[in-house]
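Quick notes on the structure that follows.
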Amino acid sequence: MTTFLDECRRAVGASHVLTDSADTGGFLTDRRRRHTGKALAVVQPADAGEVAAIVRLCQAHRVPVVPQGGNTGLVQGSVPDGSGTAIVLSLSRLNRIRRVDAVNHTMTVEAGCILQTVQQAAATAHRLFPLSLAAEGTCTIGGNLASNAGGTAVLRYGTARALCLGLEVVTPQGDIWNGLRGLRKDNTGYDLRDLYIGAEGTLGVITAAVLKLFPQPKARLTTLVALRSPHDALRLLTLVQDRCAAMLTGFELMSAFCMELVARHVPQLRFPFERTHAQYVLLELSDTESVEHASALLQDCVFEASNQGLIQDATLAQSLSQSEALWQLREAIPLAQAADGPNIKHDVSLPISALASFMEDTERMLHRTFPGVRLVTFGHLGDGNLHYNVAGPCGGEPEIFMAQQSVVNRIVHDNVHRLGGSISAEHGLGTLKREEILRYKSEVEMTLMRTIKHALDPLNLMNPGKLL
């Protein structure tokens, strides 16, 4: 492969073809540090033309390509396998914001742009880019689109797919498709954009995108409420949606055990309630009218919910810093559970109406099979996405429990499927769920997906072994 690597160096510059283990290590291990792969090299092109040149070289030499953004994914979709035959194609140098069109409410950005940088650029133009998730300081737009990222604002603004109008993509043959059109209506054939979004780099390399922007809200109000059960949380969701409609931006459910973990492992965060409650909802309204209008609506919702016996306590943030403190409680949950020890993670979605029943039924089934098991359940209740994580009993051997992952997965995923849900809401399939999905998608659906993959990437060089 010396000839291939020499040609890569000529295409992007020798300093951007990394082969030394000291330089490549961070690109080969997944975010959860459960897998470390091998690669011929990490190649860092500077623009779409260089991406295309590298992909053409990979075609000529039959070298697999693993596209990588911020490497923040949770299903091992952006790291190579252990064969050492692939290159990691890092898009970190494609980090320019090409254009902000405030009148069209769009922004054209390259795939390596950090999500937080895009958010800040939108704010500078007095606009909002609403995609928001815990890894926003390190994840990239290309990765967000390749995995169709969700986050905390899907309830109002939709997933990454809904926030993208156009794409620039390098095909597996090394051609550049320029679909960077900032159009809300374009009824001219197959929607290629949606084909590449969520494909996890298996059909081509996203190099740039046209993103939707929105007016900045004049008010953002946050409240944390305590409830008895997920059923009450769903009734509260209906009440707030009926009264506030699209103003409801966030509706996050967190169990008492989640808050217990945060208190234990992130003690610097202050919890606002004196006593423990079974469930909590972090609720946020965004209003384009005024703070007074949003505040009146929120207080009215809380008052009515209290009268109906849905909530047991509530605290309303009185400032931006208090709002951020409440969101920190939510964002600290993954950090706290990681500090507490290994757990079996699930990223599932269900019809919103089925969520409470799913939680009750699945907990009962898990406790019957694994007495004393602890559930770290939290997520975006407003859009039906639940992070349903399972930790072993207190005092038990974590390794013994983790060895039962396939049994736990079967209980959780079978119940998700029975209720019409999906075993991957926003994380994708990668390699972790590649085989698992075969239990739940029909053979017709899998055949259609394989047909698309073979038609666009007949040599199977684009992120092979991921998703399919």
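The values are calculated or read from the model by the stated rules, or taken from the named source; none is laboratory data. Here the structure is a predicted model, which is why all the values come from computation and not from measurement. Please note: Cβ atoms are built from the backbone with ideal geometry, for glycine as well, and neighbour counts cover all protein chains shown.
What the table shows:
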| item | result |
| --- | --- |
| Criterion: surrounded by 19 or more Cβ atoms within 10 Å (Cβ to Cβ), more than 12 Å from the chain's Cα centre (by Cα), under 24 Å from THR431 (Cα atoms) and in contact (Cβ under 8 Å) with a residue 60 or more places away in the chain - qualifying residue of PRO130, PRO172 | PRO172 |
| Selection from region 274-292 of residues that are farther than 16 Å from GLU252 by Cβ and either among the polar types (S, T, N, Q) or surrounded by 16 or more Cβ atoms within 10 Å (Cβ to Cβ) (or both) | THR276, ASP287, THR288, SER290 |
| Helices (runs of 4 or more DSSP H) (entirely within region 359-461) containing at least 2 residues that are outside the structural domain of LEU57 (by TED's automatic domain parsing), aliphatic (A, V, I, L, M) and within 30 Å of ASP191 (Cα to Cα) | 443-456 |
| Criterion violated by ARG156 - all others in (1) surrounded by fewer than 23 Cβ atoms within 10 Å (Cβ to Cβ); (2) touching a residue at least 60 places away in the same chain (Cβ under 8 Å); (3) over 25 Å from VAL348 (Cα atoms) satisfied | (3) |
| Test: ALA53 is under 23 Å from LEU456 (Cβ atoms), hydrophobic (A, V, I, L, M, F, W, C) and surrounded by fewer than 21 Cβ atoms within 10 Å (Cβ to Cβ) | yes |
| Of all residues making up region 81-92, the number that are touching a Gly at 6+ places or on another chain (Cβ under 9 Å) and either surrounded by 19 or more Cβ atoms within 10 Å (Cβ to Cβ) or not in a loop (DSSP other than H, G, I, E, B) (or both) | 6 |
| Residues located in region 440-455, provided they are of a type outside the set (Lys, Arg) and in contact with a strand residue (DSSP E or B) (Cβ under 9 Å, 6 or more places away or on another chain) | TYR440 |
| Residue satisfying condition, being of a type outside the set (A, V, I, L, M, F, W, C), closer than 23 Å to ALA53 by Cα and modelled with pLDDT of 95 or more, within set GLY182, GLY158, GLY166 | GLY166 |
| Check on THR36, surrounded by fewer than 17 Cβ atoms within 10 Å (Cβ to Cβ), of a type in the set (Val, Ile, Thr), in contact with a helix residue (DSSP H, G or I) (Cβ under 7 Å, 6 or more places away or on another chain) and under 18 Å from LYS466 (Cα atoms) | yes |
| Entirely in region 93-202, the strands (runs of 3 or more DSSP E) that have 3 or more residues that are in contact with an Asp or Glu (Cβ under 8 Å, 6 or more places away or on another chain) and farther than 30 Å from LEU221 by Cα | 176-179 |
| Tally, over region 454-467, of residues that are under 23 Å from the mean Cα position of the chain (by Cα) and more than 26 Å from VAL154 (Cα to Cα) | 4 |
| Residue under evaluation LEU429, criteria (1) at positive phi; (2) in contact with a Leu (Cβ under 6 Å, 6 or more places away or on another chain), criterion not met | (1) |
| Filter result (surrounded by 15 or more Cβ atoms within 10 Å (Cβ to Cβ) and over 24 Å from the mean Cα position of the chain (by Cα)) within region 254-264 | GLU260, ALA263 |
| Looking only at region 417-468, and only at residues there that are in contact (Cβ under 8 Å) with a residue 24 or more places away in the chain and hydroxyl-bearing (Ser, Thr, Tyr), the one that is nearest to LEU203 (Cα to Cα) | THR431 |
| Residue identified as of a type in the set (S, T, N, Q) and either touching a residue at least 24 places away in the same chain (Cβ under 8 Å) or buried (at least 18 other Cβ atoms within 10 Å of the Cβ) (or both) among GLN318, GLN308 | GLN308 |
| Odd one out for ASN104 among (1) surrounded by fewer than 23 Cβ atoms within 10 Å (Cβ to Cβ); (2) in contact with a Gly (Cβ under 7 Å, 6 or more places away or on another chain); (3) within 22 Å of ARG56 (Cα to Cα) | (3) |
